[in-house]
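Below you'll find the structure, written out as structure tokens, and then a few comments.
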Amino acid sequence: MSWIDRLNTRVAQTPFGRWFRLEGSGAKIERAGSKFTIELRAGLTTFIAMAYIISTNALILTDSGGTCDCDRDLYGPTCDTDPAYSSCLQGIKLDMITATCAISCLACILMGALANLPIALAPGMGLNAYFAYTVVGYHGTGKVSYRNALSAVCIEGIIFFVLSVVGLRQWFARMIPVSLKTATASGIGIYLAFIGLQSSAGIGLITSSSATLVELGGCPPEYRDANNVCTAHHMQGGPTWLGVLGLMLIGTMLLYRLKGAILIGILVVAIISWPRPTAVTYFPHTPSGDEAFNFFKKVVTFHPIKNTLAEFHWDLSSGDIWIALITFLYVDILDCTGTMFSMAKFGGYMDDKTQDFEGSSMAFLVDSAAIAIGSTFGSSPVTAFIESGAGIAEGGRTGITTIVTGIMFFIALFFAPIFASFPPWATGPALITVGAMMMQNVLQINWKYIGDGLPAFITIIMIPFGYSIGYGLIAGIGSFIFINSTVFILFKVSRGRIAPPNYEDRDDWVGFVTRGGIKSNIPPWILRLFGKKPATIASPSNNSSEEDLAEKQVAEIV
């Protein structure tokens, strides 16, 4: 037995190991394959896959203008020519870097310690763009002020918290048909790969096209126009080929089951990209490259939040703020729900009976609390990150993975120059690889029955093409309801005479609901309030009698 095996065994046998249900801990329900050292590596991998969020989120939220203001009659609506305004924006950017690291650290540690899940949380991409460019507007040119928008985000978190406490958020999640949950995981896989192929967070192999929306790119950055379209030198960009090399390196190492393959691939590409006088450098000799390199050279720095801390303005009289709040609510609940259930399925701890996973109630509570706390720091809504799949692919199965990710975000508070300098073509190969792994879920979709297969397919394609997990689920749920409601009505009206030829091949969604899909949704604290033992989430070690007993206990309350 190696020293690593001895360490894993000793940690598993401690109260720490039993709390996180490591394999060999003696916990009632152990997480199969969970080892302490693997969890550490998985947490680091998840963080590196998410490191781009530190600088990207800061840049997007800075574009909102934050709390900065100027004489718009004198300097124009965007205040671009005001030196004082530009100086204020630099302070906002540093505030946002600190806020992103701080809320991500807190949310990840809470998720890991309380929910025991390897699902990382951070300010959501997409939601931050909606916050900055639609709600507040570029440099505050929207109809809602930055302070008022933060109030809407805080209210969203409070509403989510209440919904999670009473179990309504879990109920909604479990009511999503099985085929759509499975399809969501596959759709997220394509979504991840699509992100990894682009230039903003990937290897730049795919770029924009005015004729076909997307096309083969791979050109050097200097040959892209303002719309990110390659004007010349396609497939001649050094960073793209370095990213392709990283992808092949990760794939080869995974083939031989080398531990830490994804992490090694990311680090190798990043280290090659840091020296300046090369064709693949992340710091070209340009104004933006010089600025990034000067920040990188600082190595260690810390900036306290000065301008955005608790900057609320509680004015809900405008109709625009209510539109923003409602949009935050429905997009975030679908986005977060889809991500959490997909990661649970990818990690192998989804319960087929209840279509739920252990720790879901606490996970939703942590997510909602993080949204409210994040708004206090000046951030847009926090959500579960699909990059968690990188850590799960490395073997992460418990909350230790997420706690390590949170600790790394804490370290990033002081080493932000390093962690904010991982080039997108270093993390892109990891996203493509995880996307490939998540595609295996497509085999579990019920393709035999078109009432299940078509909505699942719509969900899969709309997630990457609509660039939103929430919109993909909306399309899938809407098509599922229309098709299957029509079939159900015809079946009932005709007393069973009008039915699809293979009607018996459908997923029995009604049967799922009646056998405990809703009843088992009651939060554990309500069950304890009535003196009943909470129903447990089934695992491979549970037998059928234990499942039936748990279901009966819930039924007594209902």
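The values are calculated or read from the model by the stated rules, or taken from the named source; none is laboratory data. Predicted model only: the values in this text are computed from it and were never measured. Note that we place each Cβ from the backbone using ideal geometry, even for glycine, and neighbour counts take in every protein chain shown. Each accessible area value is taken on the protein alone, full model and side chains, heavy atoms only, with ligands, DNA and RNA left out. Shrake-Rupley method; radii C 1.70, N 1.55, O 1.52, S 1.80 Å.
A compact table of results
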{"quantity": "Residues satisfying the stated conditions in segment 44-77, i.e. farther than 26 Å from ILE266 by Cβ, of a type in the set (S, T, N, Q) and open to solvent by less than 10 Å² (accessible area, probe 1.4 Å)", "calculated": "SER64"}
{"quantity": "Qualifying residue in segment 377-391 (condition: open to solvent by 20 Å² or more (accessible area, probe 1.4 Å) and closer than 23 Å to ILE97 by Cα)", "calculated": "yes"}
{"quantity": "Count of residues meeting criterion [outside any helix (DSSP H, G or I) and either within 29 Å of the chain's Cα centre (by Cα) or on the phi < 0 side of the Ramachandran plot (or both)] in segment 2-33", "calculated": "15"}
{"quantity": "In segment 90-109, the residues that are open to solvent by 10 Å² or more (accessible area, probe 1.4 Å) and in contact with a His (Cβ under 8 Å, 6 or more places away or on another chain)", "calculated": "LEU94, ILE97, THR98"}
{"quantity": "Leading residue by the ranking (nearest to ASN128 (Cα to Cα)) among those in segment 334-386 that are part of a strand (DSSP E or B) and modelled with pLDDT of 85 or more", "calculated": "VAL382"}
{"quantity": "Residue list for segment 298-313, filter: assigned to a loop (DSSP other than H, G, I, E, B) and of a type outside the set (S, T, N, Q)", "calculated": "VAL299, VAL300, PHE302, HIS303, PRO304, ILE305, LYS306, LEU309, ALA310, GLU311, PHE312, HIS313"}
{"quantity": "Residues of segment 110-131 classified as at pLDDT 85 or above and either closer than 16 Å to MET340 by Cα or buried (at least 23 other Cβ atoms within 10 Å of the Cβ) (or both), total", "calculated": "14"}
{"quantity": "Evaluation of THR37 against (1) buried (at least 20 other Cβ atoms within 10 Å of the Cβ); (2) part of a helix (DSSP H, G or I); (3) not small (Gly, Ala, Ser) (one fails), failing number", "calculated": "(1)"}
{"quantity": "All positions within segment 164-186 that are without any contact (Cβ under 8 Å) to a residue 12 or more places away in the chain and crowded, with 22+ Cβ neighbours inside 10 Å", "calculated": "none"}
{"quantity": "From ILE92, ILE119, residue being under 21 Å from the mean Cα position of the chain (by Cα) and β-branched (Val, Ile, Thr)", "calculated": "ILE119"}
{"quantity": "Answer residue from segment 174-201, given it is of a type in the set (Gly, Ala, Ser) and not in a loop (DSSP other than H, G, I, E, B) and is nearest to ARG506 (Cα to Cα) among those", "calculated": "SER179"}
{"quantity": "Selection from segment 187-227 of residues that are touching a Lys or Arg at 6+ places or on another chain (Cβ under 9 Å) and either touching a residue at least 60 places away in the same chain (Cβ under 8 Å) or among the hydrophobic types (A, V, I, L, M, F, W, C) (or both)", "calculated": "SER199, GLY204"}
{"quantity": "Meets criteria (among the aliphatic types (A, V, I, L, M), under 24 Å from MET439 (Cα atoms) and open to solvent by less than 10 Å² (accessible area, probe 1.4 Å)) for LEU205", "calculated": "no"}
{"quantity": "Failed item, numbered, when THR252 is tested on (1) hydroxyl-bearing (Ser, Thr, Tyr); (2) in contact with a Phe, Trp or Tyr (Cβ under 6 Å, 6 or more places away or on another chain); (3) open to solvent by 60 Å² or more (accessible area, probe 1.4 Å); (4) at pLDDT 90 or above", "calculated": "(2)"}
{"quantity": "Exclusive hit being in a helix (DSSP H, G or I), open to solvent by 10 Å² or more (accessible area, probe 1.4 Å) and closer than 30 Å to THR281 by Cα, set ALA426, ALA436, ALA475", "calculated": "ALA436"}
{"quantity": "Subset tally (residues that are assigned to a strand (DSSP E or B), modelled with pLDDT under 90 and among the aliphatic types (A, V, I, L, M)) for segment 202-242", "calculated": "2"}
{"quantity": "Residues (outside any loop (DSSP other than H, G, I, E, B), touching a residue at least 12 places away in the same chain (Cβ under 8 Å) and over 20 Å from ILE203 (Cβ atoms)) located in segment 276-294", "calculated": "PHE293"}
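Residue-wise test of (1) open to solvent by 40 Å² or more (accessible area, probe 1.4 Å); (2) over 20 Å from THR427 (Cα atoms); (3) not small (Gly, Ala, Ser).
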site: VAL229; (1), (2), (3): no, yes, yes
site: HIS233; (1), (2), (3): yes, yes, yes
site: TRP241; (1), (2), (3): yes, no, yes
site: ILE262; (1), (2), (3): no, no, yes
